[in-house]
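Participant: Just dropping this structure here.
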């Protein structure tokens, strides 16, 4: 059983396997988890830098 997504984005390139930004872009992140994870300003900035919207 794999772990869930990380709580904070580590901002590394290439994205790690548990990266919430990568999971969101691939459509594998649950919408409730995405809302909770990207409520933090650091994660929102990383998401904006990756040019991905939470509606994806």
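Participant: Which members of the stretch 19-32 meet the condition of being over 11 Å from residue 6 (Cβ atoms) and part of a helix (DSSP H, G or I)?
Facilitator: Listed by number, the residues that qualify are 24, 25, 26, 31, 32.
Participant: Output yes when any residue across the stretch 46-56 is within 19 Å of residue 3 (Cβ to Cβ) and not in a helix (DSSP H, G or I), and no when none is.
Facilitator: no
Participant: Can you tell me which of (1) in contact with a helix residue (DSSP H, G or I) (Cβ under 8 Å, 6 or more places away or on another chain); (2) touching a residue at least 12 places away in the same chain (Cβ under 8 Å) is the one residue 15 doesn't meet?
Facilitator: (2)
Participant: Given the criterion surrounded by fewer than 12 Cβ atoms within 10 Å (Cβ to Cβ) and part of a loop (DSSP other than H, G, I, E, B), identify the matching residue among 14, 5.
Facilitator: Values: 5 fails: surrounded by fewer than 12 Cβ atoms within 10 Å (Cβ to Cβ).
Of 14, 5, the one residue that is surrounded by fewer than 12 Cβ atoms within 10 Å (Cβ to Cβ) and part of a loop (DSSP other than H, G, I, E, B) is 14.
Laboratory data are not the source of any read-out in this text; all were calculated from the coordinates shown. A quick note: this is a predicted structure, and the numbers were derived from the prediction, not measured. Glycine gets a Cβ as well: all are built from the backbone with ideal geometry, and neighbour counts include every protein chain shown.
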